[in-house]
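I have placed the structure first, in the form of structure tokens, so that the comments after it can refer back to it.
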Amino acid sequence: MSFFDELDSGLTARELALVRDTERFCAEVLAPRLAQARSRGEPCERTVIAQWAALGMLGLQVPEEGGGFGASFLCKVRIAQTMAGHGFAAAFCLNNMQGMATRLWRHGSAVQKERLLPGLLAGSLIGAPAMSEPTAGSDLTQLRSQAVRTEGGWLLDGTKAWVSNGAIANLLMVLARTTAADGSQAIAGFLVEPEAGKAFAATPHELPGAMEFRLAEIRFERHFVPDWALIHAPGEAFRASMEAINAARVHVAAMCTGSLHAALCTAVAYCGQRAAFGKPLLAHQGLQWALAEVAARLEAANALVVKAARRIDAGTCGPELAASAKKIAVETATEGIEQCIRAMGAVGATAPNGLVALASEVRLAAFADGSTEMLNDRIGRGLAASYPSAPARGEQQGTKQP
């Protein structure tokens with residue numbers, strides 16, 4: 001039975017064809033380009049984005065009438081896992097662009113869709129959500145960026161940090177605080193084209209071993225945003241962001257299990273053919289049990305991902321389940337990839353295997369879309385609702401206790 005069978009069983013024939021297209025893209029384009037980029041110590045060239053867009057994948061969840069495939073979240077997760085087996089950061093950023101197109105379709109106005117959706121689908125517009133700030137990460141209530149009303153639009157001031165694809169993005173979805181005439185404040189969402197004005201600056205974050213994220217800090221100083229670019233009115237942006245966060249966490253969890261699956265396959269193949277003391281490494285009980293532990297935890301983490309992904313499609317995935325899926329998947333992948341490297345010895349640390357690159361990128365998943373500590377808090381606050389008091393044993397059986 002394949003590791004991916006449980007996910008594949010929930011996909012349509014057309015969605016399975018998209019998965020096959022993804023596998024070919026990864027084998028023929030993504031994997032070799034990533035290897036070349038890593039050898040140069042640089043991110044992949046942007047032609048990879050154009051080739052991915054040419055397959056229509058940036059419109060994965062955009063309905064057919066919008067120029068996309070209208071695929072399920074389960075399909076999105078399956079494709080993300082496949083890509084993350086070659087590079088977690090590359091998968092994260094390419095799928096982040098796809099998520100921008102989906103969000104624009106679901107929440108954008110007719111004008112916004114007409115102006116921006118074709119570019120997002122074609123990959124000429126590099127979309128990136130810009131929510132986190134130097135002093136506000138998981139807690140969006142602490143946002144300091146301000147949008148002030150002016151004639152014909154808004155003037156945006158503030159700094160956004162850790163923006164994935166921020167170094168190359170030319171369309172940002174920015175959250176900023178607004179102030180009404182009565183002094184009340186609310187968070188709004190804006191579609192911002194940095195190149196439309198000069199009142200901004202982007203500074204790449206130096207992140208050794210994880211350059212593929214193309215993370216950047218972006219600063220706005222009285223940057224003009226026209227009225228038509230308001231995608232979430234004041235008071236609506238926070239709720240919309242919270243609704244999307246469950247799916248984002250499950251998406252990250254899926255990529256973690258995809259990366260670990262690839263690492264485990266690499267380690268098992270190597271240890272099966274490399275001999276020491278008269279037999280293959282995999283025949284030595286100590287090493288075999290170490291990788292068996294990785295495999296068992298991987299299957300458990302993936303089962304949680306599948307459960308959460310199905311709930312996302314059904315609209316019934318609560319924040320506790322999404323948080324649990326991400327927490328367990330991140331911890332399992334972080335520890336598991338390191339174990340795979342150790343099992344292969346010095347060979348596991350060499351560049352051609354790509355395991356060290358995966359380990360370096362996956363560790364950052366502990367911070368994306370909610371830190372592990374914050375997820376623990378989210379799970380903890382839901383304990384009473386998720387695990388209510390059970391009736392006494394006699395009451396369960398319809399009898400009275402003596």
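The values are calculated or read from the model by the stated rules, or taken from the named source; none is laboratory data. Small disclaimer: the values here were computed from a predicted structure and weren't measured. Cβ sites come from the backbone with ideal geometry, for glycine too, and all protein chains shown count toward neighbours. The protein model used for the area step is the full one, side chains on, heavy atoms only, and it has no ligands, DNA or RNA in it. Shrake-Rupley method; radii C 1.70, N 1.55, O 1.52, S 1.80 Å.
Key figures for this structure:
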| item | result |
| --- | --- |
| Highest-first arrangement of 159-169, 310-320, 269-279, 350-360, where packing means the average Cβ count within 10 Å | 159-169, 350-360, 310-320, 269-279 |
| Heavy-atom SASA rank of E335, E299, E65, E217 (probe 1.4 Å, accessible area, largest first) | E65, E335, E299, E217 |
| Heavy-atom accessible area per residue - the chain, 1.4 Å, Å² | 45 |
| Carbon and sulfur %, accessible surface of the stretch 54-100 computed with the full protein complex present, 1.4 Å | 51 |
| Share of carbon and sulfur in the accessible heavy-atom surface of the stretch 247-402 [1.4 Å probe, %] | 58 |
| Accessible-area composition of the stretch 182-244, carbon plus sulfur, in percent [1.4 Å probe] | 53 |
| For the chain, alpha-carbon Rg and Dmax in angstrom | 22.7, 80 |
| Principal-axis tilt of helix 31-40 within the chain, Cα atoms, nearest 10 degrees | 80 |
| Compactness of the stretch 153-242, expressed as Rg and Dmax over alpha-carbon positions, Å | 13.9, 48 |
| Principal axis dimensions, largest first and in whole angstrom, of the stretch 212-347 by Cα | 73, 36, 17 |
| Normalised contact order of the stretch 115-164, rounded percent, pairs of Cα under 8 Å and 6 or more residues apart | 35 |
| Mean projected area (nm²) of the alpha-carbon convex hull when the stretch 1-93 is viewed from all directions | 6.2 |
| Degrees, to the nearest 10: 237-273 long Cα axis against longest axis of the chain | 30 |
| Computed [θ] at 222 nm, helices only, for the chain once each DSSP H run of length n ≥ 4 contributes -39500 (n - 2.57) | -16000 deg cm²/dmol |
| Contact order relative to length of the chain, as percent, for alpha carbon pairs under 8 angstrom and 6 or more apart | 15 |
| Protein-only accessible surface order, largest first, of M344, M242 at 1.4 Å | M242, M344 |
| Debye intensity ratio I(q)/I(0), log10, the stretch 56-204, q values 0.10, 0.11, 0.13 Å⁻¹ (C-alpha model) | -0.38, -0.46, -0.64 |
